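In what follows, a single structure is set out as structure tokens and then discussed.
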Amino acid sequence: MQIVLGPVLTTRKGGYAFDCWTPEKGLSRGYAYCRIEEAHYARNVEIRSRNNGSSDQTIACSTVDEFVRLTFDLRGRQQRAWATPLPNAEEERGTIEAVYG
């Protein structure tokens, strides 16, 4: 199972938190800590605990852009496994002409 950990960010209420994403559970919001040091410590514990004797692949992101890119990329790979192909432009034009004349 792949696990993507986001960076520590400031919450709206003034705390600090990080998010976690897995293909099975989706996005999980992290606990909000009062001090940034506590949030970094908890994130590091999460990274170490996932890597010790586990078959899980943990990816720790250092930026929001990296976190978003990886989660969209992994979501896209998961969806491509069962997605049907989209119609090409000719098929789409033929359908529109048949409906609207």
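Computed quantities for the displayed model
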| read-out | value |
| --- | --- |
| Loop GluC sites (Glu not before Pro), the stretch 1-41 (other Cβ atoms within 10 Å of the site Cβ: 15 or fewer; DSSP) | Glu24 |
| Model label zone, Asn51; criterion: amide N under 15 Å from point 7 Å along Cα-to-beta-carbon; scope the stretch 1-22 | 3-6 |
| Burial ordering of Thr58, Thr63, fewest other beta-carbon atoms within 10 Å first | Thr63, Thr58 |
| Ile36-Asp65 pseudo-label distance in nm [points 7 Å out on the Cα-to-Cβ vector] | 2.0 |
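All of the numbers you see were taken from the coordinates with simple rules; none came from a lab. If you're wondering where the values come from, they're calculated on a predicted model, not measured in any experiment. Please note: Cβ atoms are built from the backbone with ideal geometry, for glycine as well, and neighbour counts cover all protein chains shown.
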